[in-house]
1. Take the residues of the stretch 57-110 that are aromatic (Phe, Trp, Tyr) and within 25 Å of residue 19 (Cα to Cα): which is surrounded by the fewest Cβ atoms within 10 Å (Cβ to Cβ)?
2. Taking helices (runs of 4 or more DSSP H) that fall entirely within the stretch 15-124, which contain at least 3 residues that are under 16 Å from the mean Cα position of the chain (by Cα), charged (D, E, K, R) and modelled with pLDDT of 90 or more?
3. Between residues in the stretch 81-97 that are at negative phi and residues that are of a type in the set (Ser, Thr, Tyr) and at pLDDT below 95, which pairs lie under 7 Å by C-beta distance while being six or more apart or on different chains?
Amino acid sequence: MPRKGSLNHQIHQRMQALKCFGESRIEANMEYRETIDRSYNNKTVGIHSYNSYAAYKQTCKEFSKWLKENYRVKNIEDITTQHIEEYLQYRASKGLAISTIKKDMSALNKVFNIHLNQESFSIS
């Protein structure tokens, strides 16, 4: 069985697969609604902006560090929605701005293909 690399490397590989720089986000959004989920209005499969990519990368690095410290998770497949919810609660308990927590939530939703919203874990 080939080695997967560190958790950071595994997450980096997933993010690389999501890069869609130069592609139309509007078209991707319409395609997502038509083919995958008609009820979800503002979602695309990829990351279309360099700035979003950089912000999401930073969030994933911080999340990966937190996971290793608290759960010793080594494989991306072992990350659960509960880990992500707990991380977001941790970030909220540190008194960070809601906009920061929402950015973290967006990044983790995109990278791990989940659909958390702020009601899922009660930030205000």
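1. Of the residues in the stretch 57-110, the ones aromatic (Phe, Trp, Tyr) are 63, 66, 71, 87, 90.
Keeping just the survivors that are within 25 Å of residue 19 (Cα to Cα) gives 63, 66, 87.
Details: 63: 24, 66: 16, 87: 22.
Here the residue is 66.
2. Values: elements: 25-35, 50-70, 81-93, 98-112, 118-121.
Of the helices (runs of 4 or more DSSP H) lying wholly inside the stretch 15-124, those with at least 3 residues that are under 16 Å from the mean Cα position of the chain (by Cα), charged (D, E, K, R) and modelled with pLDDT of 90 or more span 50-70, 81-93, 98-112.
3. Filtered contacts from the stretch 81-97: 83/71; 85/120.
The values are calculated or read from the model by the stated rules, or taken from the named source; none is laboratory data. Remember, predicted model here, so these are calculated numbers, not experimental data. Cβ coordinates were reconstructed from backbone atoms using ideal geometry, including for glycine residues, and neighbour counts include every protein chain displayed.
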